[in-house]
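Below you'll find the structure, written out as structure tokens, and then a few comments.
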Amino acid sequence: MVPLLIRSCLAACVLISTTTLTAVAAELDTPQFDAAQLEYFEKDIRPILAKRCYECHGPDSETPGGGLFLTSRGALLEGGDSGPSLVAGKPDQSLLIEAIHYDGIYQMPPKSRMPEDEIAKLEQWVASGAPWPVSDEKNTPRKEVFDLEQRKAEHWAWQPVVRPELPDVQNDAWVKDPVDRFILAKLEKADLAPNGPAEPTILIRRLYLDLIGLPPTPEETQAFLADPSPIAIEKVVDRLLASPRFGEHWGRRWLDLVRYAESRGHEFDYDIPNAHEYRDYVIRALNQDVPYNELVVEHVAGDLLETPRTNPETGDNESVLGTGFWHLGDWVHSPVDIRQDETDRFDNMLDVMNKAFLGLTVTCARCHDHKFDAISQADYYAQAGFLQSSAYRQVRFESAQHNQQIADSLEKLNIEFQTKAQSAYQNAIDQAFSRWEKELQTPESPWNQAMTEAAQDAKHPLHYWAQVLAAAADQRPQVIAQAQQLVQQQHAAITGYDGQLIHDYAQLPEQKWRTDGVVFGSGPQPAGAFSWDASPEVGINGVRTDEAAVYDVRWGALKLEKGVQDDFGKIRNWNRAGRTLKTDTFALSDGRIHYLVKGSGRAFAVVDSHRLVQGPLHNVTVKEWKSGDATTTQWITQDLRDYQGHAAHVEFTPIDDQPLEILQVAEGPQPPSVMNDQAQAAQALGSDLTAGDANIQRFLETLKRAPASPETAPLADWLVRNWARLMPDQESPWSELATAYHDQSKQLLANVKWRSRTAPGMWDNSAEMEALLIRGNSRTPADQVERQLLTAIAGPENTYDQHGSGRLELARQMMDADNPFASRVAVNRVWHHLLGRGIVRTVDNFGVLGELPTHPQLLDYLAVQFVEDGWSLKQMIRRIVLSQIYQMSSLQVGSAEQADPKNDLFHRAEVKRLSGEAIRDSLLMVSGQLDETMYGPSVPVHLTSFMQGRGRPGKSGPINGAGRRSVYLEVRRNFLSPMMLAFDTPQPITTIGRRNQSNVPAQSLILLNDPMVIEQCEHWAQQAIAQTPQDTQLRIERMVQQAFSRKPTAQELVLANQFLESHRQTLSIDPQHAASSVELWRDLAHVLVNAKPFIFVR
């Protein structure tokens, strides 16, 4: 493959520029070529290169294709993005020759293949050492050196957060909080004074809309104005911070950061099952003021916390819900290039994580080292390794913790009773020992009959013991040797398997056991374990003869709560959540995967993490089999040869309450060999048995010890199953034991939460590394890169979980107090929302292309204080809103505006337009239609006739969104609310920490014509008429107070009355009916909604 020669049109990434025309001849071991060689180059080779290659790789190319210049021998030896383009003297190892042969992914020249004679000449030229005039070496450009340490040292954001000294100010009396000092000091230095305080009615409206996204009621405004207490503002702030409405408002801002949506987009806009659970988690967490650093750790690795945060009321696992943010992006349901699709999904996931929590554009390093920031391309793929080591799932967050405790108790109970059963087994044999010695030598006895049958059946577990004991003394060595030879042959066939044995559950290391629930237990079931019969009267129905991952059918009743969405596509209704076992990730070499199983089950081969199997492609990744015999092993083969070279892991799920065991997972042309029944019978003799000790006593001692070894476990299994036959005059030695076990198990199982809601979440895979993709092309992988956060933050040496994803270590590194981005980015976002812009305006980009902080010392002061206050968002918000800077007036003063036109110095408060959500919610509130119900499934989006296309929901939601707050309205990628779009609610593509503030005609048209707006205005009018049936002036005053959070001015009262009279005449309403005309007062309400004071915060 020759990715270095690919033209720019073949890649989406920006090519690495080559600069600094420094000759490299001195650095290259340039051989001396004779005149004939150089003449050959000039006459035969250079013309070919000029004709075929110079268009993209010649001396006039500013940005050569693949970063490769063909201007000198040194340029070819140095190569482009993919390394050296030729190996002198070795055409078969030269990428240049591979490309012109059209052998690899890329073919050069791209328009058409070279003639064979030109290819032959180039091959001969490379074979002769690639002669080229040394004088051309001056034309060899050198790539720009990526100096990570220099970039880190030169940019402010990489420097440690340091608590600054509080600046001195002249007007010390103005300062309410230390943050005021940083603002005032700069203003004084610029000979500017801060604006005076905002009017109380303006301030309370600002506080309400900034903190809870709703305006104050007239009664709340009046109560604040009437409160003479010096801490009146503090009381309002504390009440708002404690309001459940706080989490709804700030939660919507958080959702912007994680590109929250409830559908996948692409063609058919399939649902993201139960995505609303993540939204509700965010709202709860913000209301509870979960420390910001813990909240981010939950997002990155909440599934890995040893002690997850639980809901104090329900016991639900809250922490795991945070990991749902990873999976809120676009998914393609039937991608043609499944690996490219994976890299695109990973790119979006990394983009969101880094922008949201670090304020860095790490994904600019997908195709090359970052152009400006201290982020290498290796850093990008180091982070991608965390995603390669993780997987999507639907997690039973409601019941997982509770049921795990029950499962742990069941396991302890099983261990206890297994020990008791083992003792009972040995005691029973001890008591029967003498009797059996005699019966084995007595014709017609049960034992003698059983051994006769075994001797005749080569597959009988006792076959070789029966043959040995029946043989004459001089024949026993031959029988033993025959058995040992058979075992050796079987072992040789097993160990000689030429495929890859992905998992053998008989030898599975503990760290490779991966389940997302309790139904498969805490590990494989061992050979020799006693099997409890479903009927206590039977007691024990056998002994396990092999080790396997075993589905415990007692958990078969686990279901999803009513209304919970299951997975989509070909795995729909598989009820996989909490009932899945998965393998490590492995490379598909041959492509045929074989499962050694018992019973019935389902397998989902997750190739390149693709899960939305819905459409014409990739259906072969889904496999189901059913068997009426749950005791016999069989091989199930899944043909994935279309995916050779891709990475995959397999997820197994049982079918309802049908038994399932998985013994092995292998990949290759054929399944591996396994020990057959005859060989198992042979190895039951034991490898150390000799003819001298092959007697009845040795046989009975072997039976006594049989459960302790996988080789002899079949003997114990036979004995337990045939106990009643051998001891017909005695009761089962395990019946009382089994009764006690079943009784105690039932008591535990009675407390199981059989139904649960689920939510999207993360689940660890095996520890994997991602390959660095040359120029971001999934078809041109280079070396794999060790997982890492960012070299410039964490350094080059890091230790992550060697058996899992390592996301927990990653999350803790990200939120380390020494990470300069973690706290700075967080406090800057808070400042942005409260003050109208961030200290760093580019809230999602703290890199070189982002804007510099206007008050860097203030930013660091806030960051330090944030950490010292326990990363409390509410405490940070409280600090800022109680400061003078927040409470200033927004009035513009001419002289100050001239000196500080962009308000960089914060000499005044910013006028802020409400978000689309706040406008809609305010309208619902003043109309009396706001339903404050929290949480639950989203209200379906209302579909207008203009919202058409594939994936259009079959049913439209109510026009008023059922009166719920906007945060509870469904967010469908392909069918977004026109009102929200008009008012700059971002499309859920990537992190948007700073919404656009557009001023476009569509906003006026929405407020003038949207049926929902008109409907709410009518409700508002009806409410206003009912509240003040006679006093229309009081009605006007109250409506203005509701809309603007203040009393109307005298001029506004005049204008309102003029409008009512003029409009009454237009509508031909009788004056006697004007006071009760819903239509008339609806239109006044409509006017108020369209006024600036309604949709702006001063």
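Please treat every number below as a calculation from the coordinates, not as lab data. Being a predicted model, the structure only gives us computed values, none of them experimental. When we count neighbours, we look across all protein chains shown, and the Cβ atoms used for this are built from the backbone with ideal geometry, even at glycine.
Table for the structure above
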item	result
Check: the range 696-739 dipole with +1 on Lys, Arg Cβ and -1 on Asp, Glu Cβ, in debye	180 debye
Per-residue Cβ neighbour rank within 10 angstrom, fewest leading, H649, H503, H1063	H1063, H649, H503
For the range 469-477, Karplus couplings with θ = phi - 60° (6.51, -1.76, 1.60), whole Hz, Gly/Pro x	5, 7, 6, 5, 4, 6, 9, 5, x
Charge-dipole axis of the chain as Lys and Arg at +1 and Asp and Glu at -1 on Cβ define it, positive-most pick from Q388, Y968, N845	Y968
Dipole moment magnitude, nearest 20 debye, the range 1011-1097 about Cα centre, only Lys, Arg, Asp, Glu C-beta charged	300 debye
Relative contact order %, the range 854-978, counting alpha carbon pairs below 8 Å whose residues are six or more apart	20 percent
Signed unit charges on C-beta, dipole axis of the chain, positive-most listed residue V543, A473, P1093	P1093
Gyration tensor verdict on the range 523-673 (Cα atoms; rounded if a/c is under 1.5, prolate if a/b is larger than b/c, oblate otherwise)	oblate
Helix-only mean residue ellipticity at 222 nm for the chain, each DSSP H run of n ≥ 4 adding -39500 (n - 2.57), per residue, nearest 500	-12000 deg cm²/dmol
Cα-centred dipole magnitude for the chain, charges only on beta-carbon of K, R (+1) and D, E (-1), debye, nearest 20	2680 debye
Hits among aspartates and glutamates - C-alpha to C-alpha of K559 under 19 Å, sequence gap 8 or more where chains match	E277, D316, E398, D516, D567, E651, D656, D657
The chain: relative contact order in percent, alpha carbon pairs under 8 Å with at least 6 residues between	17 percent
Quarter of Cα convex hull surface for the range 253-347, i.e. mean projection, nm²	7.0 nm²
Computed over the range 1011-1097: relative contact order in percent, which uses C-alpha pairs under 8 Å that are six or more apart	42 percent
Shape of the range 711-770, Cα gyration tensor, a/c cut at 1.5	oblate
Cα shape, the chain, gyration tensor, a/c 1.5 rule	oblate
When each of K43/K121; K138/K371; K562/K626; K51/K111 is checked by Cα-Cα distance, pairs over 19 Å	K138/K371; K562/K626
Positive-pole candidate from A242, W331, V1000, dipole of the chain, charges at beta carbon	V1000
Hull volume in cubic angstrom per residue (convex hull over the Cα atoms of the range 1011-1097)	89 Å³
